[in-house]
Amino acid sequence: MIRRFFSRRSAEWGIVLLHIKQLRLFRQHVSWKLIGVNVVVMLIVIWLVGVSVKDFACLLVAKYQLVGDEKNYFFNRTMHFYLIRASLLAIAVAAIIHFVFIKQILSPLKRLTQSTRQLMTGTYPQSIKVSSEDEIGELTKHFNALTLTLKRTEDNRKRMLSNVSHDLRTPLSNLNGYLEALSTGVITGDKELYLSLLEESQHITRLVEQLHQLSVWEDRDAASIACSTIQMDELIARCTQSFQLELQSKKMELAVSLAQGMVVSDENGIRQVLNNLLQNAINYSTGRTIWVSGISEPQHYRITVSNVGEPLPEEHALVFERFYQADSSRQRGAGTSTKGSGLGLAIVKEIVHKLGGSVGLDTTDNKHSFWITIPRKSSLK
């Protein structure tokens, strides 16, 4: 008796658990939800239409007394039978058609799910083929763009770490080697040696400082950017004056053409952008002239810094990427002793984008024109 009781209870609990599992399956799969909703809708429609037709037919038979009571009863039973058979047939056909269409709709979602899981493991999946122009197609396009952006960011991070370690290893090795030799008396110091060590130290300091500047501007938001009204031609003139001594020492000159114009922006940020552009033009110039122009446009103030240098490759837009100077195609002008970090133009790009402007490079043979635009009215909120 007790065994029967427990076996019966176990069977009941098994049925309950089965229903719970089925309910979870229903909740976890969109296809089952869609099928369930459509089955309910079809049943309601079939029931409403079938019952209405059946009641109307029975009403006509009863009203006009077309048949007797016995035949009327047989007529009702026949109507019920055909109604049930037609309903089951309609449900079966609709379910097959519904399953085919639902499978086509949900297959892109399954591919998205698989790619998302692959992305979570640290592996970048292949781009998913966009097979429709609906919301799922838009979601697939955005997912492909997100994956590509994440991959580029990861590649940039790895390249940055590699370039930082490469750019620091040589000067640190030189410093350590010379300092060790000086400390053990292997060599004696002279002015030339100390100047060389100072140059290596300044290069490391400059690299670390520019990395800090780039990090600061990347983390800045609109609230932390101090905007003020700036007379652009006066600001550019002051920035160019600070390079006069360096230009004279290298026997170079500036050709400046500035139009009056005012903008509402961050003055310190624009000054840093100008200094980086001018320093870049001087460091990588093979000619004797640096051209600086300022043009007041309806919506922007456009600044262009041009020089004559070595020809750039077709992918010249990469000059705004971090550590691009490590590329062998970008060499310095003659007589340049200052080592570059490859971060100056990256900082320019970051600051200008934060201020709502744009950057670019126009190059023809060996003449390169770096330009930026600053909005006349601040778009920061």
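The values are calculated or read from the model by the stated rules, or taken from the named source; none is laboratory data. Predicted model, so just to flag it, every value in this text is computed and none were measured. All Cβ positions, glycine included, derive from the backbone under ideal geometry; neighbour counts span all protein chains shown. Side chains included, ligands, DNA and RNA excluded: accessible areas come from the protein's heavy atoms. Shrake-Rupley method; radii C 1.70, N 1.55, O 1.52, S 1.80 Å.
Quick look at the numbers
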item: Residues satisfying the stated conditions in the range 77-110, i.e. within 35 Å of the chain's Cα centre (by Cα) and touching a residue at least 24 places away in the same chain (Cβ under 8 Å); result: Ile102, Lys103, Ile105, Leu106, Pro108, Leu109
item: Whichever residue in the range 203-227 is farther than 22 Å from Met160 by Cβ and in a helix (DSSP H, G or I) and, among such residues, is most open to solvent (accessible area, probe 1.4 Å); result: Ala223
item: Residue pairs meeting the criteria (Cβ under 8 Å; at least 6 apart or on separate chains; first open to solvent by 80 Å² or more (accessible area, probe 1.4 Å), in the range 239-257; second outside any helix (DSSP H, G or I)); result: Lys251/Arg288; Glu253/Arg288; Glu253/Thr289; Glu253/Ile290
item: Residues that are of a type in the set (Val, Ile, Thr), part of a helix (DSSP H, G or I) and either open to solvent by 60 Å² or more (accessible area, probe 1.4 Å) or on the phi > 0 side of the Ramachandran plot (or both), drawn from the range 114-149; result: Thr149
item: Meets criteria (in contact (Cβ under 8 Å) with a residue 24 or more places away in the chain, in contact with a Phe, Trp or Tyr (Cβ under 8 Å, 6 or more places away or on another chain), within 30 Å of Glu321 (Cα to Cα) and among the polar types (S, T, N, Q)) for Thr147; result: yes
item: Considering residues of the range 299-321 that are modelled with pLDDT of 90 or more and over 29 Å from the mean Cα position of the chain (by Cα) only, the residue surrounded by the fewest Cβ atoms within 10 Å (Cβ to Cβ); result: Val308
item: Qualifying residue in the range 253-264 (condition: under 19 Å from Ile351 (Cα atoms), within 36 Å of the chain's Cα centre (by Cα) and either among the β-branched types (Val, Ile, Thr) or at pLDDT below 90 (or both)); result: yes
item: Residue within the range 175-193 that is closer than 28 Å to Thr373 by Cα and open to solvent by less than 50 Å² (accessible area, probe 1.4 Å) present; result: no
item: Number of the exception - Val273 against (1) outside any strand (DSSP E or B); (2) over 16 Å from Lys349 (Cβ atoms); (3) touching a residue at least 40 places away in the same chain (Cβ under 8 Å); result: (2)
item: Residues of the range 101-113 satisfying the condition of being among the aliphatic types (A, V, I, L, M) and open to solvent by less than 70 Å² (accessible area, probe 1.4 Å); result: Ile102, Leu106, Leu109, Leu112
item: Filtered residue count, the range 135-162, keeping only those that are of a type in the set (A, V, I, L, M, F, W, C) and within 16 Å of Met120 (Cβ to Cβ); result: 3
item: Every residue from the range 294-308 that is assigned to a strand (DSSP E or B), under 21 Å from Gly356 (Cβ atoms) and of a type in the set (S, T, N, Q); result: Ser296, Thr304
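For every residue, the table says whether it meets (1) farther than 27 Å from Ile105 by Cβ; (2) at pLDDT below 75.
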residue: Gly122; (1), (2): yes, no
residue: Pro125; (1), (2): no, no
residue: Gly137; (1), (2): no, no
residue: His142; (1), (2): no, no
residue: Leu146; (1), (2): no, no
residue: Thr153; (1), (2): yes, no
residue: Arg157; (1), (2): yes, yes
residue: Leu168; (1), (2): yes, no
residue: Asn176; (1), (2): yes, no
